[in-house]
1. For the stretch 329-369, what are the residues that are buried (at least 20 other Cβ atoms within 10 Å of the Cβ) and touching a residue at least 60 places away in the same chain (Cβ under 8 Å)?
2. I need the strands (runs of 3 or more DSSP E) fully contained in the stretch 126-206, keeping only those with at least 1 residues that are more than 30 Å from the chain's Cα centre (by Cα) and more than 16 Å from the ligand (Cβ to nearest atom).
3. Yes or no: the stretch 103-110 includes at least one residue that is within 45 Å of the chain's Cα centre (by Cα), assigned to a helix (DSSP H, G or I) and away from the ligand (no atom under 16 Å from the Cβ).
4. Conditions first: (1) more than 14 Å from the ligand (Cβ to nearest atom); (2) more than 38 Å from the chain's Cα centre (by Cα); (3) surrounded by fewer than 16 Cβ atoms within 10 Å (Cβ to Cβ); (4) over 17 Å from residue 28 (Cα atoms). Residue 230 passes all but one, so which condition is the exception?
5. Quick test of your reading of the structure: residue 71 fulfils all but one of (1) out of contact with any helix residue (DSSP H, G or I) (no Cβ under 7 Å at 6 or more places or on another chain); (2) within 16 Å of the ligand (Cβ to nearest atom). Name the failing condition by number.
6. Select, from 68, 30, 52, the only residue that is farther than 18 Å from residue 156 by Cβ and under 38 Å from the mean Cα position of the chain (by Cα).
7. Quick check: anything in the stretch 540-547 under 21 Å from residue 433 (Cα atoms), free of Cβ contacts under 8 Å to residues at least 24 places away in the same chain, within 43 Å of the chain's Cα centre (by Cα) and not in a loop (DSSP other than H, G, I, E, B)?
Ligand code: IVH
């Protein structure tokens, strides 16, 4: 290609790439597949590499960051960047509207206002000369700020070229980070062991004030425009809303949340509306800004000291505040999880007085290193549970308070006194008093009654709530003591349903060992494991006596599950509840094929010969095997018993020769009965 052609192609590519940037970063509606975008990008980059003399600062290839600076230089704003006065509460807004009306000589409701979010980021002034981005500066002291041009260039929603006749234009707006990008960035910082940022605003500030603009380029920053500063050749428009519309036409990112309203009522309604939308916005705002819409009226109103008289910020209640941690206690949840809670010196935040804030779990305490006595930042956004965001370590007392450890502080559950444990793969510490702990009662009862457990039909959560709240049921064993009159006295319980429930409770007494084990609600034991345990141990006593080594013999049971089981049965409260259930008549057939390894017929060898009077061969075989014995085909010195029926032949003769014990059917049944009875298996 000849040079003029290359120039044309480069210009076309730049325009197309910036168009896609605009679609993607400003309008949030991508217009091409990533691969096509990448292709355009590569073509431009190759042409620029081949023709370095054609590279210009406003090429999209220059958005990746420039060489690091030694220091920021200063930029003087052509028109100072002012601040806004704040209004807290409707009365202060009413006073603002009245001042405006008095100065302009208007009646109530006669002033039109442009209203917009108050973005919680950093103020930036962009300078365009003849439509080209030339520099960007922070607010600084209002008249002079820091030159962050290289950094702003990396923000893809900031246009590098605008289509305007204005020879000079200062565009004012706010750089911020979306909450999801903030979370993602902090995850990455944490993974690398780097310092985390406290909130999106600090993260935006930290990302922007980088001497190495490549770092800025790697962070996802957004920009919203809310006005202009100095201008030359800028078309005169009548209102602030028109200015914003004009900026939007020039492809600047302008908030879709902006509006024009009438009078005080309009202001307050907008405040209410945006306050409700606030949690759904992808970025933080800390209030709304009201501006007299007419630019002529703005000029009439003028300024007081460093703030305009024509505008005011109506702030939302602060979502973060400083306070001190007076104590750390734990709350026991319905699954037994111990949640550490900071008890705070009362502080007004997010519109309410907060005295408690969650610390989530031990890992969070460690990560934030929260200690009793610390000064902390508490956050309460919307209806979210207040949480401790960070510790102000500079304010920590000397000597330092000790680190806080849940297990050390609470070896026992503060609600029921059972042991507290933390399984190796779990984030939370838990109370082991499952069946017994009042905090876990409701959940334990529902689990116990579930269809796949004891299957008590009709015992749903509404009923369980009533039984627990009225103190009628403390543990599953208490279910079996409920009378008709008690049940019939509950809300929404007719005679018929009380009877049905009683019948269901009665029916549940006859169950299986697997269901019973599952119903106990041992945290590490699901339905499948319960079945495996039942099959392996055959009796509850054997399971309760098993140690970790025994448990590890069971299919799919690993060290964590085994430990969970032994800890559960080690808890005296849990054993009491089990005892209560058995005493109430809950029972199951104790399957005893576990005697294969432990029973008295374990390893005994049987030979069957002849026809037994009542049992078939298969039945006899099954019974013997169930008791742990094994059947072999021929009689040898290793044979323990020969079971002989009618027409027994050579095998019986051989048994006599070798002196092996011979059993007839009644003798076999007697032996099996002895082996299968609980005493026999001991
Ligand atoms: S107008 C002359 N509009 O709030 C008034 N400011 O306290 C110039 N801010 O430094 C500001 N959102 O960083 C305006 N929609 C908005 C704003 C906004 C956030 C910030 C801005 C300014 C501070 C004033």
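1. 330, 332, 336, 338, 340, listed by residue number.
2. Working: elements: 132-138, 144-146, 168-176.
Here the list reads 132-138, 168-176.
3. Residues of the stretch 103-110 that are within 45 Å of the chain's Cα centre (by Cα), as a first pass: none.
No, the conditions are met nowhere in the stretch 103-110.
4. (1)
5. The number of the failed condition is (2).
6. On the way: 30 fails: farther than 18 Å from residue 156 by Cβ; 52 fails: under 38 Å from the mean Cα position of the chain (by Cα).
After applying the criteria, what remains is 68.
7. Yes, because at least one residue in the stretch 540-547 is under 21 Å from residue 433 (Cα atoms), free of Cβ contacts under 8 Å to residues at least 24 places away in the same chain, within 43 Å of the chain's Cα centre (by Cα) and not in a loop (DSSP other than H, G, I, E, B).
Conditions tested, residue by residue: (1) over 29 Å from residue 207 (Cα atoms); (2) buried (at least 19 other Cβ atoms within 10 Å of the Cβ).
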site: 88; (1), (2): yes, no
site: 93; (1), (2): yes, yes
site: 99; (1), (2): yes, no
site: 103; (1), (2): yes, no
site: 108; (1), (2): yes, no
site: 111; (1), (2): yes, yes
site: 138; (1), (2): no, yes
site: 157; (1), (2): no, yes
site: 171; (1), (2): no, yes
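Since every read-out is calculated from the coordinates, none of them should be taken as a lab result. Quick caveat, the model's predicted, so the values are computed rather than measured. Here Cβ is always computed from backbone atoms with ideal geometry, including for glycine, and neighbour counts include all displayed protein chains.
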